[in-house]
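First the structure, in the form of structure tokens, and then the observations on it.
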Amino acid sequence: MFRRTKSETATTVPADPQGKPGGKGRPTPSRKEAEAARKATFKKPRNRKEASAIRRDKMRTERAKMQQAMQTGDDRYLPAADKGPIRRFARDYVDARYSVMEFALPILLVVSLVGVVFSPQFPWLAGMVNLLFLFMIVLIAGDWLLLTAGVKKQIGIKFPKESTKGIGFYAVRRTMQMRRWRLPKPMVKRGERPH
């Protein structure tokens, strides 16, 4: 008696195509649809080809981030060998100083070339080349000792509770490269205090 018929119910509900004011303008997805959309992002590859393509893309992205970090010094994406505040300090310590080891390879290359080319005409030059080689080796050894002792001492002051194991060799390895070819790129100027 007091019931409404289906036709009355359909006509009394206003159809608002725009939705509620302030609404999102689209129907809420069902749970099944939402889960399917979420799973699509973690979808497993169907075959090996897809898996290798996904792996390649991921590696390419990581490599690009790492190369960018090598230029900017961003610690988040640096290789494990270069990560951390101690390694950063060691790099800054090396980059802030002049070093014999940095110029040793080009000098020794020029000296050996001169010795090979001109020693047949000037026999005394071979003795001079050998003497210069010996002198450079002594200088490199001295520079190596000063560098490792200095960087370990400064790290001991700045990071008193941290281990300095392997940091001396890390600094020496960086010093052996010419400054412009060092990676990660130098972040301090020569003579500037490392931070």
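Here, each number is a calculation from the coordinates, and none is a lab measurement. Because the structure is a prediction, the values reported are computed rather than measured. Positions of Cβ are backbone-derived with ideal geometry, glycine not excepted, and every protein chain shown enters the neighbour counts.
Summary table below
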item: Which of 103, 176, 52, positive extreme of dipole for region 26-183 (C-beta unit charges); result: 52
item: Helix 100-118 vs. the chain, principal-axis angle (Cα, 0 to 90°, nearest 10); result: 50
item: Dipole magnitude of the chain, debye to nearest 20 (Cβ charges: Lys/Arg +1, Asp/Glu -1, about Cα centre); result: 1440
item: Answer label, with semi-axes √(5λ) of the Cα gyration tensor in Å calculated from the coordinates and candidates [x] 25, 21, 18; [y] 70, 23, 15; [z] 29, 23, 16; result: [y]
item: Loop-located chymotrypsin sites (Phe, Trp or Tyr not before Pro) in region 89-133 whose Cβ has at most 12 other Cβ within 10 Å (DSSP); result: 98
item: Label-point separation in nm, residue 165 to residue 145, each point 7 Å along Cα→Cβ; result: 2.6
item: Extension gain from residue 137 to residue 183, taking 0.36 nm per residue of separation minus the Cα-Cα distance; result: 14.0 nm
item: Spherically averaged projected area in nm², based on the convex hull that wraps the Cα atoms of region 131-195; result: 5.3
item: Net charge over other residues, Cβ less than 12 angstrom from the Cβ of residue 55 (K, R count +1; D, E count -1); result: +2
item: Kirkwood Rh (inverse of mean 1/r, distinct Cα pairs), region 31-73, angstrom; result: 12.6
item: Residue with peak Gaussian network fluctuation, the chain [Cα springs, cutoff 10 Å], from 92, 57, 82; result: 57
item: ³J(HN,Hα) computed for each position of region 132-147 - Karplus, 6.51 cos²θ - 1.76 cosθ + 1.60, integer Hz, glycine/proline x; result: 5, 4, 4, 4, 5, 5, 5, 4, 4, 4, x, 5, 4, 5, 5, 5
item: Burial order of peptide ranges 148-155, 47-54 (average beta-carbon count within 10 Å, highest first); result: 148-155, 47-54
item: Long pairs among 65/165; 158/189; 158/185; 165/185; 83/165; 153/185, criterion Cα-Cα beyond 26 Å; result: 65/165
